[in-house]
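This report concerns only the one structure given below.
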């Protein structure tokens, strides 16, 4: 669960920029180590929900299941396409160079497809839920 404040609202893109208040574990820690992430990692972009205004306190909740599914989709799909492309290219041409070219083509196409799916918002079901808070 991430707590933060709405920094800005982009109505054209239908998204909000959220600045994270801090890490729960870091806020409760008495050691004061240097492992706290840089400030740039505390900025998030999320879909705009009705009624949000700049300065509102919010909670962004991402379930572990959604994190796992999104991670598998983003990281495992290109690896699978790499092996599939190599196998297809190698099978068609009986040549290792064709296998490498097939792997490159399928990874590139898969990456572009994942990018387009992300931009179209088809992965919104895997994103977190924003709720307005009064903490």
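FYI, it's all coordinate maths here, none of it is from the lab. On a predicted model such as this, the values are computed, not experimentally measured, just so you know. Heads up, the Cβs are rebuilt from the backbone with ideal geometry, glycines too, and the neighbour counts pull from every protein chain shown.
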Treating every alpha carbon of segment 64-124 as one equal point scatterer without solvent, the Debye formula yields log10 I(q)/I(0) values at q = 0.14, 0.15 Å⁻¹ of -0.45, -0.50
So how much slack lies between residue 112 and residue 129, counting 0.36 nm per residue of separation and subtracting their Cα-Cα distance, in nm?
-> 3.5 nm
Using label points projected 7 Å from each Cα along Cα→Cβ, tell me how many nm separate residue 119 and residue 70, to one decimal.
-> 2.0
